[in-house]
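Structure, as structure tokens:
The values are calculated or read from the model by the stated rules, or taken from the named source; none is laboratory data. All of these numbers come straight from a predicted model, not from anything done at the bench. FYI the Cβ positions are ideal-geometry reconstructions off the backbone, even for glycines, and counts take in every protein chain you see.
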Amino acid sequence: MKTLKPTAENFENNTLRSDYGGRGGGIEIDLTPFGIKGEKMTAYQNYLGGGMLGRIDSSNTINRETKIVELELQKQLDAIALELKKYFHSLTNHSDNEWEDCTLEENQKRMCSAY
């Protein structure tokens with residue numbers, strides 16, 4: 001099986017579930033096509049209040065269950081997570097959102113949640 005690169009098109013084609021809007025949400029992808037068989041990754045964003053979305057965070061089934069991960073696998077997970085955050089930002093950063101001009105870098109400086 002060919003291993004895919006973490007791109008917007010490949011995320012779109014391998015999305016298991018997605019629910020997002022002006023009040024945050026999340027996306028879950030299958031990592032199998034990216035060379036990590038049987039595992040999943042999410043990117044999610046909370047609503048901070050006042051029309052502002054929090055930092056986009058991510059998690060995956062490997063780090064959630066395993067405390068020690070080989071360095072090469074962790075680098076691969078980190079690279080996929082970064083690209084998934086960028087992709088999710090492109091989905092939530094649109095014209096009907098008050099904060100549409102927020103860059104990913106600006107967004108990532110915010111808190112994850114308001115409490």
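Here are some notes:
- Reported count of residues in the range 64-82, each being at pLDDT 85 or above and either crowded, with 18+ Cβ neighbours inside 10 Å or basic (Lys, Arg) (or both), is 6.
- Helices (runs of 4 or more DSSP H) (entirely within the range 34-113) containing at least 2 residues that are out of contact with any Gly (no Cβ under 8 Å at 6 or more places or on another chain), touching a residue at least 60 places away in the same chain (Cβ under 8 Å) and within 20 Å of Glu12 (Cβ to Cβ): 71-92
- Among the residues of the range 1-28, just one is buried (at least 18 other Cβ atoms within 10 Å of the Cβ) and closer than 14 Å to Gln76 by Cβ, namely Pro6.
Residue-by-condition table, conditions (1) modelled with pLDDT under 95; (2) surrounded by 13 or more Cβ atoms within 10 Å (Cβ to Cβ); (3) more than 12 Å from the chain's Cα centre (by Cα):
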{"position": "Glu39", "(1), (2), (3)": "no, yes, yes"}
{"position": "Ala43", "(1), (2), (3)": "no, yes, no"}
{"position": "Tyr47", "(1), (2), (3)": "yes, yes, yes"}
{"position": "Arg55", "(1), (2), (3)": "yes, yes, no"}
{"position": "Leu84", "(1), (2), (3)": "no, yes, no"}
{"position": "Ser95", "(1), (2), (3)": "yes, no, yes"}
{"position": "Tyr115", "(1), (2), (3)": "yes, no, yes"}
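- Members of the range 1-18 found to be farther than 16 Å from Ser59 by Cα and charged (D, E, K, R), listed by number: Lys2, Lys5, Glu9, Glu12
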